[in-house]
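Have a look at the structure below before the remarks.
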Amino acid sequence: MQEARVIPLQRTERRRQLPPLSRADRPPVEPTPLRPTPAPAEPSTLRRAVADALAFARRRFTGDYTVDQFGFDQDLTETLLLPPLRAIYRNWFRVEVSGVENLPVDGGALIVSNHSGTLPIDAMMTAVAVHDNHPRRRYLRMLGADLVFQVPLLGALARKSGQTLACNPDAERLLRSGELVGVWPEGFKGVGKPFADRYKLQRFGRGGFVSAALRTGVPIIPCSIVGAEEIYPKIGDLKAVARLLGLPYFPITPTFPLLGPLGVIPLPSKWHIRFGEPIATDRFGPAAEEDPMLVFNLTDQVRETIQQTLYRMLNQRGNPFLG
Amino acid sequence: MTPKVVLVTGVGGYLGGNLAARLAANPDIDRVLGVDTTAPHRDVVRRLGRAEFVRADIRNPLIAKVITGAEVDTVVHASLTANPPGPSRRTPIKEMNVIGTMQLLAACQRAPSVRKLVVKSTAAVYGASARSPAVFTEDDAPKDISSSGYAKDAVEVEAYVRGFSRRRPDVDVTLIRLTNLIGPRVDTVLTRYFALPVVPTVLGYDARIQLLHSEDALAVLEQAAVRGAPGVFNAGGDGVLMLSQAIRRAGRIPLPVLRSAIPAAGRILRGARLVDFSPDHVRYLNYGRVVDTTRLRTVLGFTPRWTTRQAFDDYVHGNALRPVISPELLEGLEHRVLGIR
């Protein structure tokens, strides 16, 4: 005969009446759950990108970013200005860089480069080359012509990307604060020279950049850029139009103004950027910049170094567009 | 050398009035005289304490009698108007600035008791242009300033002060070039400008602005008067704000205006008696101005307590300006995307 089982009617009530385990009765170690609660999933790349964009938008909306006294906006440069330039740098001009070890890890230095290409795209590519190849991702602070800062939008953008006016007080202030400064002493004569004169260095100004380096004792790093001459081959110059618009020149290239806005697309030449051996300037002693002959000699030395490197690089180069 | 008898000009204004009150609170100074054609503001009068107010015009030779009669040894010339906050009539201000300074200096030159002269000037003497260096030092010569602006007055006043120090080499002359003032209590062209609900800017330009908190401006003038070294000093807060950044921090809406339309916009603002929009000010909004303050720190021994950003934030909080888009909204959105709360 089976005994009848007593089934409690109010199971929950009974359980509730049990006294709760006192602290001492609890197991000393919390039992390890068999299925641990999953750690918060690492946000996907897309989510991370969207959140970064939102964070950037928030910083911009609330003005929560810092600019230095020259107007350099690192947040904007890193997030908005460098990525499109980097795409052009990698995919359009396929820039190859050598001599990165000649850039100082820290401290000031003056990078002096040849200038070409009708539009100063070589300066922007050099800035990308320095930032992306330097072990500490330093920014190149460029010295620009006053015309750049007079043009609306362009002038404001130039300051935010770290450029400042090419004058000795600004250059020396940047070098003293330990920045990498880029200068293109040929100026408009270099960037706007006819295609027939390609890779022939123009006059190097009055050597103002040398006296800035001498006064601050920073090394001069000659930089040679091959490939920028071919992006807009300037075969003519409409001087009357240039005068009308207040520009230093008005170029005619095989595609501009023939194809209109399409002519602004640069030809996809293959670029090589070489940073040369640093030229020390702190070995000349005080008041060296007061010696015009020394300044002229140093200027010539830098100019010759760049010119000879250009010839060597051109010899090694095959097709301007393939490499 | 602590001054015994100090004469402060321009006590009807914010800087002059509060400076006289600060000096009067210094027990080492025997007597503080405040001079202006208009009486100081009620709030200032309460704090003036034992400082005496002399209603006199510095353009009048009578000022010489005040100086010699009271045996003034330190003169603080704080009445120079370089950035009038609102629309004002040009001619009286120019006359007050230039002729007033000439008369005051003439009176000081005749007074053997005067040992020290402190002149409040403005960093606007450096001008603002695409061709000027990014940071001005005290040795930079004025360049590209308009031929008829308030900055021109300051340049002329500085020239007269240099002439005075040549003729009275025994007098210590300290010239302080203040950057634009900001703060919760001061009324300047920038405090009015940033309080506009829609702030007109020049399309395609973004200026670097350097500000000085009004309390710092008072402190630097006081230090120059009490124990300052002679010379020319720039005074400005650390760091820089971009004009666009400042507008965003204040939560205002920028309205970019074509450069050619700026005179018309300026006329509207002047007509509405809101804010002064002189050509000088427009150039400042185009290019901005930053000064080097190394000499202020090392030679005068003064370090501003507020940075440019802190001074600006103090102004924003003090005036209870509310941002247009609340930062919390964007931050919440950002956290939701990342899945954190």
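The values are calculated or read from the model by the stated rules, or taken from the named source; none is laboratory data. Computed from a predicted model, the values in this text were never measured in an experiment. We place every Cβ from the backbone using ideal geometry, glycine too, and count neighbours over all the protein chains shown. Heavy atoms of the whole protein, side chains included, go into the accessibility calculation; ligands, DNA and RNA do not. Shrake-Rupley method; radii C 1.70, N 1.55, O 1.52, S 1.80 Å.
For the stretch B:18-34, the set of residues classified as in a strand (DSSP E or B) and either at positive phi or touching a Gly at 6+ places or on another chain (Cβ under 9 Å) (or both) consists of B:Val32, B:Gly34, listed by residue number. Every condition in (1) touching a Gly at 6+ places or on another chain (Cβ under 8 Å); (2) touching a residue at least 60 places away in the same chain (Cβ under 8 Å) holds for A:Phe149 except the one numbered (2).
The residues in the stretch B:122-165 that are open to solvent by less than 10 Å² (accessible area, probe 1.4 Å) and within 23 Å of B:Val66 (Cβ to Cβ) can be counted, and the count is 4. Screening A:Thr305 against (1) of a type in the set (Val, Ile, Thr); (2) closer than 28 Å to A:Glu229 by Cβ; (3) in contact with a helix residue (DSSP H, G or I) (Cβ under 9 Å, 6 or more places away or on another chain) leaves a single unmet condition, (3).
I need the helices (runs of 4 or more DSSP H) fully contained in the stretch B:201-299, keeping only those with at least 2 residues that are farther than 12 Å from B:Thr179 by Cβ, open to solvent by less than 20 Å² (accessible area, probe 1.4 Å) and within 10 Å of another protein chain (Cβ to nearest Cβ). Full working, then the answer.
Working: elements: B:214-227, B:243-249, B:262-271, B:279-287, B:294-298.
Once the helices (runs of 4 or more DSSP H) in the stretch B:201-299 are filtered for at least 2 residues that are farther than 12 Å from B:Thr179 by Cβ, open to solvent by less than 20 Å² (accessible area, probe 1.4 Å) and within 10 Å of another protein chain (Cβ to nearest Cβ), what remains is B:243-249.
Table: residues versus (1) open to solvent by 60 Å² or more (accessible area, probe 1.4 Å); (2) modelled with pLDDT of 90 or more; (3) within 21 Å of B:Arg110 (Cα to Cα).
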{"position": "B:Thr9", "(1), (2), (3)": "no, yes, yes"}
{"position": "B:Ala24", "(1), (2), (3)": "no, yes, no"}
{"position": "B:Asp28", "(1), (2), (3)": "yes, yes, no"}
{"position": "B:Arg42", "(1), (2), (3)": "yes, no, no"}
{"position": "B:Arg47", "(1), (2), (3)": "yes, no, no"}
{"position": "B:Val54", "(1), (2), (3)": "no, yes, yes"}
{"position": "B:Ala64", "(1), (2), (3)": "no, yes, yes"}
{"position": "B:Thr68", "(1), (2), (3)": "yes, yes, yes"}
{"position": "B:Thr74", "(1), (2), (3)": "no, yes, yes"}
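What number of residues within the stretch B:300-338 satisfy the criterion of being touching a residue at least 40 places away in the same chain (Cβ under 8 Å), open to solvent by 40 Å² or more (accessible area, probe 1.4 Å) and more than 11 Å from chain A (Cβ to nearest Cβ)? Adding up the residues that qualify gives 9.
Do you know which of the residues in the stretch B:77-112 that are touching a residue at least 60 places away in the same chain (Cβ under 8 Å) and of a type in the set (S, T, N, Q) is surrounded by the fewest Cβ atoms within 10 Å (Cβ to Cβ)? Among those residues, the one meeting the criterion is B:Ser88. Could you tell me whether the stretch A:245-256 includes any residue that is under 28 Å from A:Leu103 (Cβ atoms) and among the aliphatic types (A, V, I, L, M)? Among the residues of the stretch A:245-256, not one is under 28 Å from A:Leu103 (Cβ atoms) and among the aliphatic types (A, V, I, L, M), which makes the answer no. When A:Gly323 is tested against (1) open to solvent by 70 Å² or more (accessible area, probe 1.4 Å); (2) at pLDDT below 95, exactly one condition is not met: (1).
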